[in-house]
Amino acid sequence: MRFSRFLHNKAVTLAEIVATAAARTARLVAGRDLLVVQDSSNLAFGGKKARALGFGPVGKGGWVSGLMLHMALVSDACDGSVLGPLEMQLFNRKPGERVHRRQRATAQK
């Protein structure tokens, strides 16, 4: 089965993929010193064509469309090995003016 076919299956949800991966990671962490690394990334898919498909603005200026990914990975603090994902959030921004982060409520960040 192609991976894209798997992802387009209505029975497959992002929440289920993340929960399954986090459960696997949880089984690996017992008795270890851990380091959790988190980062946000832009997944840029293009300009006009990506906007027409419903992807919102990413990056500075908003000329490129795509998704925003925020990921937390767990690694072993002693040997540096990556144990797996802990959390993942995927955002599709809506076009329009952004409110500066200092003017938004904490719950909206």
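The stretch between residue 15 and residue 35, if pulled fully straight at 0.36 nm per residue, gains 4.9 nm over its current Cα-Cα span.
FRET efficiency for the pair residue 102 and residue 70, taken as 1/(1 + (r/R0)^6) with r the Cβ-Cβ distance and R0 = 22 Å, rounds to 0.70. In the set (i) 17.2, 50; (ii) 13.1, 42; (iii) 14.5, 42, the label that goes with Rg and Dmax of the Cα atoms in Å computed for this structure is (i). Calculate how steeply helix 14-28 sits against the longest principal axis of the alpha-carbon atoms of the chain, using the helix alpha-carbon long axis, and give the answer as 0 to 90 degrees to the nearest 10. It is inclined by approximately 20 degrees.
FYI, it's all coordinate maths here, none of it is from the lab. Note that the coordinates shown come from a computational prediction; the quantities given were computed from them, not determined experimentally. Counting neighbours? That spans all protein chains shown, and the Cβs are built from the backbone with ideal geometry, glycine included.
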